Amino acid sequence: MTALAQKTDAHDQFSRVFPTECGLDLCFSVQVRVGEKDDGRNWKSCTINNETGVINIPAAHLWGSVGSVGQAMRRKDSLVTALRASIRFIRSSERQVLVTQRPGNANYEVLRYDLAERKDNLCVYRLPSTEVRFAKRNQMLQAAENRGPLAVMTANNRHEGFGSNRTDIWIVNKTGLIQLVQLIILTDDDGKTFRLVALNRWAGNVHRLSAPSPYPAEMHEDIFQNPEVRELAEQVVFVPKDAHPGFDIRAHVLQLPTFRHCILRNLETLPAADGKKRNYPVRRNVSFSMGGGGGIVSFYAPDMGCGGWGLVEQPQEDGPPKKFQIRQSLISPYGIIDGQKSDLRTDDGILDIQMGDIVTWTRVQDMGPDHPALILDAEIAYAA
């Protein structure tokens, strides 16, 4: 256990510790706001269960006893209406840490650490708040998900529309080890509990080519057309670890000059790319042939909707693919990995679903002309 982790106990504001493969402990804290008005005095610090990510909010401020939109409107001044997280870690010359968000899923924005909290080589980042929203759940979803009429969810970091509230934490070691940790705040039980969850979404190593060579991108080709991105891509190889897909799926981070410069200034010390492939698959391989009701995950966010929402595309012989929606509550937690039935849940209980995974089903629910049909018994399959 590192010195920072030893400082962090159940009474510490930063009560959740996430060890990374890069040798860095990320510590998280959270504050919650009770009531809609932000007067600066109604934010309270809460500890976080280090095993489950559950935020220890007093029961009187949770939404468990609220059963309708009318009740929510009358009681919202006593309920949790926003949450905001902070990140703390030890600064080191051996690595670069970038805390980023993508408002509107557009360009990355690098967040700045709080100068007032900078001491003893500790960096603290205070993230923008995440609002709690509620709405009436239509009768079709009530029946399909076996839930009540009130839907409670965490909002996103977009100015309008819907999306994810995730924060991307990129860690780049001088040795070429790279890791992406995603931080999200969610509720998957309509406000009975809220959780702060950290996910290891990509890890790998960057290797140095002996001579520059053109890079044939597997996706996001427009990003690689940027001359500065192309300069880096032609000199290195990103090699994923374990079952992670190729780095092209994370290519948006290459638009950050700080990320590129961190690799380029350590180029000579990176391990050689001898024998490494130039490209790696951006999708996990399918472990069986798709038959019956089946499609391919095109998008999934574990904090969207009420605990996880995404889109599946089913290829058609003629015309564009047919779209379906998936919801976490209607996806089996057990999927087929390398032909074997396996638990898809991470240590935090989040379903490990990525773009390109195969979804099979036998039943769907028509959600009307303006919405894709809802898959009622989704099962995920891929080969690790």
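The values are calculated or read from the model by the stated rules, or taken from the named source; none is laboratory data. This one's a predicted model, so the numbers in the text were calculated from it and none came from an experiment. All Cβ positions, even for glycine, are placed from backbone atoms using ideal geometry, and neighbour counts span all protein chains on display.
Summary of computed values
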{"item": "Index of the failed condition, residue 143 passing every other in (1) part of a strand (DSSP E or B); (2) of a type in the set (A, V, I, L, M); (3) over 25 Å from the mean Cα position of the chain (by Cα)", "result": "(1)"}
{"item": "Given (1) out of contact with any helix residue (DSSP H, G or I) (no Cβ under 7 Å at 6 or more places or on another chain); (2) modelled with pLDDT of 90 or more; (3) buried (at least 17 other Cβ atoms within 10 Å of the Cβ), number of the condition residue 150 does not satisfy", "result": "(1)"}
{"item": "Matching option when the condition is closer than 30 Å to residue 370 by Cβ and either surrounded by fewer than 15 Cβ atoms within 10 Å (Cβ to Cβ) or in contact (Cβ under 8 Å) with a residue 40 or more places away in the chain (or both), among 280, 334, 300", "result": "300"}
{"item": "Boolean, residue 356 is outside the structural domain of residue 49 (by TED's automatic domain parsing), small (Gly, Ala, Ser) and over 27 Å from residue 190 (Cα atoms)", "result": "yes"}
{"item": "Lone unmet requirement of (1) at pLDDT 85 or above; (2) part of a helix (DSSP H, G or I); (3) surrounded by fewer than 16 Cβ atoms within 10 Å (Cβ to Cβ) for residue 116", "result": "(1)"}
{"item": "Residue count, the range 327-376 (criterion: under 21 Å from residue 182 (Cα atoms) and not basic (Lys, Arg))", "result": "16"}
{"item": "Neighbours by Cβ (under 7 Å, 6+ apart or cross-chain): first from the range 73-95, in contact (Cβ under 8 Å) with a residue 12 or more places away in the chain; second acidic (Asp, Glu)", "result": "76/36; 77/36; 81/36; 81/131; 82/131; 89/25"}
{"item": "Extreme residue, modelled with the highest pLDDT, among residues of the range 82-110 that are surrounded by fewer than 16 Cβ atoms within 10 Å (Cβ to Cβ) and touching a Ser or Thr at 6+ places or on another chain (Cβ under 7 Å)", "result": "110"}
{"item": "Among (1) in contact with a His (Cβ under 9 Å, 6 or more places away or on another chain); (2) crowded, with 19+ Cβ neighbours inside 10 Å - the single one residue 223 does not satisfy", "result": "(2)"}
{"item": "Residue list for the range 312-331, filter: in contact (Cβ under 8 Å) with a residue 40 or more places away in the chain and surrounded by 16 or more Cβ atoms within 10 Å (Cβ to Cβ)", "result": "312, 324, 325, 326, 327, 328, 329, 330, 331"}
{"item": "Residues of the range 165-224 classified as outside the structural domain of residue 151 (by TED's automatic domain parsing) and of a type in the set (Asp, Glu), total", "result": "3"}
